Amino acid sequence: MLKKTSYIFIVFLILGGLISCNKNKKDEELALISEYLEEHNITEEPQADGLYLIETGFSVSTSSESDFPQEGDTVIVIYKGYLLSNPSVVFDEKTIDEPAHYVYLSDRVIKGWEEAVGMMKKDVSVLIIIPSDLAYKGNQTGIIPPYSTLIFEARIIDIRKP
C-alpha cells in the first residue's frame, strides 16, 4: 500500500508533466506567431494580451465615435477565419452576401474577437491574430485544435444602433 506522501508525489509528477506540456505548446504557438509576423513583414506591436489588429485597408485618420461599435450595437461584419498553423483550414467565413450579425458586448463570442471588434473601425479591412489564450485555449473546438492561434480577415460593413 502506498503512503500518502507517495500519492502526493505522483500527483505532483503528473501536474508537472501537464504544465510542461502546456508550456511547450505555448512556446510553439509563440514561435509560429513570430514566424508569421516575419514572413508577412508585420511590424505592429500586439496589445498587452497578445492580440494583433493590423489595418490592411484604407483608413481615415479622423474618426467619429459612430465609426466604432458601442455596447449593444448590432455589428454586421464579413470575415474569413482560419488557423495560423494551417491556413488551408478555414473554420468560418461570412461573405458580403451572408454577413454575420451580432450584438457587440452582448453575444457570446471568444474574448479575442470581442476585443478586436471593439477596436475596428467601420469599412476598414483588418487582419486579426488571436492567440489561443484569447480563443479556445487548450480545448478542441470543432476542427480547431487545442492551443490554436486564429487568423481573421475582417471588415465591419455596418453598425446599427439599438
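Laboratory data are not the source of any read-out in this text; all were calculated from the coordinates shown. Computed from a predicted model, the values in this text were never measured in an experiment. Because the Cβ atoms are built from the backbone with ideal geometry, glycine has one as well, and the counts that use them run over all protein chains shown.
In percent, rounded to a whole number, the relative contact order of the range 46-160 is 36, using alpha-carbon pairs under 8 Å and six or more apart.
Note on the range 46-160: dipole from Cβ charges, positive end direction compared against Thr95, Gly72, Ile151; the farthest Cα belongs to Ile151.
Calculated on C-alpha atoms, the gyration radius of the range 46-160 divided by its Kirkwood radius gives an Rg/Rh of 0.95. Computed from point charges on the beta carbon alone (+1 for Lys and Arg, -1 for Asp and Glu), the dipole magnitude for the range 46-160 about its Cα centre is near 240 Debye.
Placing +1 on the Cβ of every Lys and Arg and -1 on the Cβ of every Asp and Glu, with nothing else charged, gives the range 94-156 a dipole about its Cα centre of roughly 100 debye. The spacing between the range 125-162 and the range 78-98, judged by their C-alpha centroids, is 9 Å. Neighbour counting of Cβ atoms within 10 Å sorts the residues Asp27, Asp73, Asp92, fewest neighbours leading, into Asp27, Asp92, Asp73.
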